[in-house]
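K.L.:
Below is a structure I'd like to ask you about.
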Amino acid sequence: MPIIQVERLTKTFGTLVAVNDISFDVEEGMIFGFLGPNGAGKTTTISILCTLLSPTSGRTLIAGFDCMREPAKVRKSIGIVFQDTTLDKDLTAYENLVFHAYLYSLPKAERRERVDAVLRFVDLYDRKDDLVRKFSGGMKRRLEVARGLLHRPRVLFLDEPTLGLDPQSRSNLWEFITELPKKHNVTIFMTTHYMEEAEVCDRIAIIDHGKIIAMDSPEELKKMVGGDVVSITTTDNARARHDIEHLFRMNVAEKENALYVTCSRGDTCIPELIRTLGERVLSVRIQRPTLNDVFLKLTGKTIRDEEVSGNDSIRASIRAHRRR
Amino acid sequence: MELNAIYVIVAREIKKFIREKSRLISALARPLLWLFIVGAGISRLVPLEAGVPYTQFIYPGIIGMTILFSSILSSISIIWDKEFGFLKEILVAPVSRFSIVVGKALSGTIVSTIQASLILALFPFLGFQLTVLQILAVLCICASLSFCLSAFGIVLATFYDNYESFSVIMNFIIMPMFFLSGAMYPVKLLPDILKIVTKLNPLTYGIDALKHVIFPQGIGTMGPDFSVLTNIAVIALASLAFVLIAGKAFERKQ
């Protein structure tokens, strides 16, 4: 039985259809990614799965429990790392985790031990008695993941886990997240609007305007684009173009003094091209398709175009200011 | 009842209360200003009645005020928790919404009762002679009133969800509640329309109960306006109603 089952889920806010009749299953033990631009309906879906929001229609089950009818059982089965930090900055890392341990009624005898274990796992044991307000963004996120795992949930939700982190902490966090399913026997459900980051997923659902427009493994999705793009510069582009078109029967595009050829396997295509064109070749470059290309192909726009205004960051800075 | 959850919600608030010493000092400054500056000034205008000077008359009201401010401010920390996301951590936990409300209300109760008892400790300086029994009775009333007002504060916090609403609550809810509670003047002397509002205010009954205990000898028009039984019944029913409303309001969003 799939660990997450979503059947014909719809959520409207007034006239706005945030989630429009989506259905999908997530198998146990995988990393499932919800990929789409801001405002596509990712956070709304997570809020419904986490029992914080009622759906307009449709059914959602987690570990076999209905999110509407058995919220307490669903809540016990899930851990969540929200988009914005939900730590108490005026408590220490240790206190935040102990708070969680009590809230989830962890057995008294195991409380300390398990808190210590997750702190070690996220490499924050040495900082456990520091107030969370002194932590960097990456440390806070790691602490939240630790907290999400403390009660041994079957599904861990990560809503934009790397938002606002520097590249270094980002890649560290990914390394760490990809280890979770095996080490902690947990299924990961994550959302992101960073295409590169979705590569770690076993399966991806691409969502846009509340609809799932594609769902598959990253490799399969990328095949939709039609293969690798090889770009070549030569001493005589016109002649090279003529040769490629006639000998390989491939379409060639020319842009900014370079020739672009699309082929299913770039690694075998390049030697052939070089053999044919010989010494005329000046440079060769291969570009593998990215999930961004997939999104572009499916929607006709890149995901970055959709980035929302600076509203969120303004709000965040007001918050930061107020707390001083 | 999920005692683990209630315990940890209370423990968090108490821990933060102890860490923020400035909060306690500013919370105590307000009643002291009212008692010794406003009270002392007005007592020059108001004649003694049954041997009770005005500064003594307002003493129960000032204890009530201490509770009003600290209970509601304590509950309003929920707005902070909403704004900074911590509330979500509590709401996704497998804990009933009522345990969350009760935990929050008990936190407010403890913090407020501590502050009220510090004001109560001033009684010898105001010329009172209270017995141990009276002191215990006052503390019991303080605790029940604190619970009631903390629960009311949670209801308020569920309606407002950003910190801009803070001054609205301060100016349009807390201050009128204080002025229309019989704290500064006896309810029976108010114009009819204000009398109605005063009777809808749970703080009125808490202060009235305190007057019963602090002035057992009866002090004419300055004395209590309601019976002890009425006071207790209103506070108990109001507490129950607020907890139920707040618990409902914490349910899943539509």
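K.L.:
I'm told A:LEU163 meets every condition in (1) free of Cβ contacts under 8 Å to residues at least 60 places away in the same chain; (2) surrounded by fewer than 20 Cβ atoms within 10 Å (Cβ to Cβ); (3) over 26 Å from B:LYS104 (Cβ atoms) except one. Can you identify the failing condition by its number?
P.N.:
Status for A:LEU163: all satisfied but (1).
K.L.:
What single numbered condition from (1) surrounded by fewer than 16 Cβ atoms within 10 Å (Cβ to Cβ); (2) under 15 Å from the mean Cα position of the chain (by Cα) fails to hold for B:THR221?
P.N.:
It is condition (2) that B:THR221 fails.
K.L.:
Would you mind finding the one in B:ILE173, B:ILE169 that is in contact with a Gly (Cβ under 9 Å, 6 or more places away or on another chain), over 30 Å from A:SER77 (Cβ atoms) and surrounded by fewer than 20 Cβ atoms within 10 Å (Cβ to Cβ)? Working first, answer last.
P.N.:
Working: B:ILE173 fails: in contact with a Gly (Cβ under 9 Å, 6 or more places away or on another chain).
Selected residue: B:ILE169, the only one of B:ILE173, B:ILE169 that is in contact with a Gly (Cβ under 9 Å, 6 or more places away or on another chain), over 30 Å from A:SER77 (Cβ atoms) and surrounded by fewer than 20 Cβ atoms within 10 Å (Cβ to Cβ).
K.L.:
Does B:ALA105 satisfy the condition of being under 30 Å from A:LYS140 (Cβ atoms), away from chain A (no Cβ under 14 Å) and of a type outside the set (Phe, Trp, Tyr)? Give the steps one after another, and end with the answer.
P.N.:
Values: under 30 Å from A:LYS140 (Cβ atoms): yes; away from chain A (no Cβ under 14 Å): yes; of a type outside the set (Phe, Trp, Tyr): yes.
It is true that B:ALA105 is under 30 Å from A:LYS140 (Cβ atoms), away from chain A (no Cβ under 14 Å) and of a type outside the set (Phe, Trp, Tyr).
K.L.:
Is it the case that the stretch B:17-26 has a residue that's within 23 Å of the chain's Cα centre (by Cα), surrounded by 15 or more Cβ atoms within 10 Å (Cβ to Cβ) and in contact (Cβ under 8 Å) with a residue 12 or more places away in the chain?
P.N.:
We begin by selecting, within the stretch B:17-26, every residue within 23 Å of the chain's Cα centre (by Cα); these are B:17-26.
Subset that is surrounded by 15 or more Cβ atoms within 10 Å (Cβ to Cβ): B:17, B:23-24.
From the residues that got through so far, the ones that are in contact (Cβ under 8 Å) with a residue 12 or more places away in the chain too are B:17, B:24.
Scanning the stretch B:17-26, I find at least one residue that is within 23 Å of the chain's Cα centre (by Cα), surrounded by 15 or more Cβ atoms within 10 Å (Cβ to Cβ) and in contact (Cβ under 8 Å) with a residue 12 or more places away in the chain, so the answer is yes.
K.L.:
Here is a follow-up. Has the stretch B:179-195 got any residue that is within 22 Å of B:THR158 (Cβ to Cβ), under 18 Å from the mean Cα position of the chain (by Cα), away from chain A (no Cβ under 14 Å) and not hydroxyl-bearing (Ser, Thr, Tyr)?
P.N.:
Keep residues of the stretch B:179-195 that are within 22 Å of B:THR158 (Cβ to Cβ), which gives none.
No, the stretch B:179-195 contains no residue that is within 22 Å of B:THR158 (Cβ to Cβ), under 18 Å from the mean Cα position of the chain (by Cα), away from chain A (no Cβ under 14 Å) and not hydroxyl-bearing (Ser, Thr, Tyr).
K.L.:
Still on this structure: Given A:THR191, A:THR162, A:THR233, A:THR178, which one is outside the structural domain of A:VAL145 (by TED's automatic domain parsing), polar (S, T, N, Q) and either under 23 Å from A:GLU27 (Cβ atoms) or not in a helix (DSSP H, G or I) (or both)?
P.N.:
On the way: A:THR191 fails: outside the structural domain of A:VAL145 (by TED's automatic domain parsing); A:THR162 fails: outside the structural domain of A:VAL145 (by TED's automatic domain parsing); A:THR178 fails: outside the structural domain of A:VAL145 (by TED's automatic domain parsing).
None of the others qualify; the one that does is A:THR233.
K.L.:
Testing A:ILE204 on (1) outside any loop (DSSP other than H, G, I, E, B); (2) surrounded by fewer than 20 Cβ atoms within 10 Å (Cβ to Cβ); (3) modelled with pLDDT of 85 or more, one condition comes back false. Which one is that?
P.N.:
It fails just one condition, (2).
K.L.:
If A:LEU173 passes every condition in (1) in contact with a strand residue (DSSP E or B) (Cβ under 6 Å, 6 or more places away or on another chain); (2) aliphatic (A, V, I, L, M); (3) in a helix (DSSP H, G or I) but one, which one does it miss?
P.N.:
(1)
K.L.:
All but one of (1) touching a residue at least 24 places away in the same chain (Cβ under 8 Å); (2) exposed (fewer than 15 other Cβ atoms within 10 Å of the Cβ); (3) of a type in the set (Lys, Arg) hold for B:LYS82, so report the exception by its number.
P.N.:
That leaves (2) as the condition not met.
K.L.:
Hey, another quick one. Check B:ILE135, B:ILE72, B:ILE63 and return the single one that is more than 14 Å from every other protein chain (Cβ to nearest Cβ), closer than 24 Å to B:ASN171 by Cα, assigned to a helix (DSSP H, G or I) and at pLDDT 95 or above.
P.N.:
Values: B:ILE135 fails: closer than 24 Å to B:ASN171 by Cα; B:ILE72 fails: at pLDDT 95 or above.
Selected residue: B:ILE63, the only one of B:ILE135, B:ILE72, B:ILE63 that is more than 14 Å from every other protein chain (Cβ to nearest Cβ), closer than 24 Å to B:ASN171 by Cα, assigned to a helix (DSSP H, G or I) and at pLDDT 95 or above.
K.L.:
Among the residues of the stretch B:81-101, write down those that are within 14 Å of chain A (Cβ to nearest Cβ) and within 20 Å of the chain's Cα centre (by Cα). Show your work before the answer.
P.N.:
So in the stretch B:81-101, the residues within 14 Å of chain A (Cβ to nearest Cβ) come out as B:81-100.
B:ILE100, the sole residue that qualifies.
K.L.:
Let me ask something else. Here is a list of conditions, (1) more than 14 Å from chain B (Cβ to nearest Cβ); (2) over 23 Å from A:ARG203 (Cα atoms), and A:ARG69 meets all of them except one; can you say which number that is?
P.N.:
Going through (1) more than 14 Å from chain B (Cβ to nearest Cβ); (2) over 23 Å from A:ARG203 (Cα atoms) one by one, A:ARG69 breaks only (1).
K.L.:
Among (1) in a strand (DSSP E or B); (2) surrounded by fewer than 21 Cβ atoms within 10 Å (Cβ to Cβ); (3) in contact with an Asp or Glu (Cβ under 8 Å, 6 or more places away or on another chain), there is one condition A:LYS222 misses while meeting the rest; what is its number?
P.N.:
Unmet for A:LYS222, out of (1) in a strand (DSSP E or B); (2) surrounded by fewer than 21 Cβ atoms within 10 Å (Cβ to Cβ); (3) in contact with an Asp or Glu (Cβ under 8 Å, 6 or more places away or on another chain): (1).
K.L.:
Report every pair of residues separated by at least 6 positions or lying on different chains whose Cβ atoms are under 6 Å apart, first residue within the stretch B:109-137 and farther than 30 Å from B:ILE154 by Cβ, second among the β-branched types (Val, Ile, Thr).
P.N.:
B:GLN134/B:VAL213
K.L.:
Which of the residues spanning the stretch B:1-30 are among the hydroxyl-bearing types (Ser, Thr, Tyr) and within 12 Å of chain A (Cβ to nearest Cβ)? Lay out the reasoning, then the answer.
P.N.:
Keep residues of the stretch B:1-30 that are among the hydroxyl-bearing types (Ser, Thr, Tyr), which gives B:7, B:22, B:26.
Matches in the stretch B:1-30: B:TYR7 only.
K.L.:
What is the residue count in the stretch B:84-104 for residues that are assigned to a loop (DSSP other than H, G, I, E, B) and either in contact with a helix residue (DSSP H, G or I) (Cβ under 9 Å, 6 or more places away or on another chain) or among the aliphatic types (A, V, I, L, M) (or both)? Steps first, please.
P.N.:
Taking the stretch B:84-104 first, the residues assigned to a loop (DSSP other than H, G, I, E, B) are B:84-85, B:92-96.
Cutting the leftovers down to either in contact with a helix residue (DSSP H, G or I) (Cβ under 9 Å, 6 or more places away or on another chain) or among the aliphatic types (A, V, I, L, M) (or both) gives us B:84, B:92-96.
So the answer is 6.
K.L.:
Between A:VAL200, A:VAL229, which is of a type in the set (A, V, I, L, M, F, W, C), in contact (Cβ under 8 Å) with a residue 12 or more places away in the chain and over 22 Å from A:GLU175 (Cβ atoms)? Show your work before the answer.
P.N.:
Numbers: A:VAL200 fails: over 22 Å from A:GLU175 (Cβ atoms).
None of the others qualify; the one that does is A:VAL229.
K.L.:
Out of curiosity, is A:THR162 within 13 Å of chain B (Cβ to nearest Cβ), within 22 Å of A:SER47 (Cβ to Cβ) and polar (S, T, N, Q)? Spell out how you get there, then give the answer.
P.N.:
Details: within 13 Å of chain B (Cβ to nearest Cβ): no; within 22 Å of A:SER47 (Cβ to Cβ): yes; polar (S, T, N, Q): yes.
When the stated conditions are applied, A:THR162 does not pass them.
K.L.:
Further, regarding this structure: Filter the stretch A:49-66 down to residues that are hydrophobic (A, V, I, L, M, F, W, C) and more than 7 Å from chain B (Cβ to nearest Cβ) and give me whichever is farthest from B:GLU251 (Cα to Cα).
P.N.:
If we take residues in the stretch A:49-66 being hydrophobic (A, V, I, L, M, F, W, C) and more than 7 Å from chain B (Cβ to nearest Cβ), then A:ALA63 is farthest from B:GLU251 (Cα to Cα).
The values are calculated or read from the model by the stated rules, or taken from the named source; none is laboratory data. Being a predicted model, the structure only gives us computed values, none of them experimental. Positions of Cβ are generated from backbone atoms using ideal geometry, with glycine treated the same way; all protein chains shown enter the neighbour counts.
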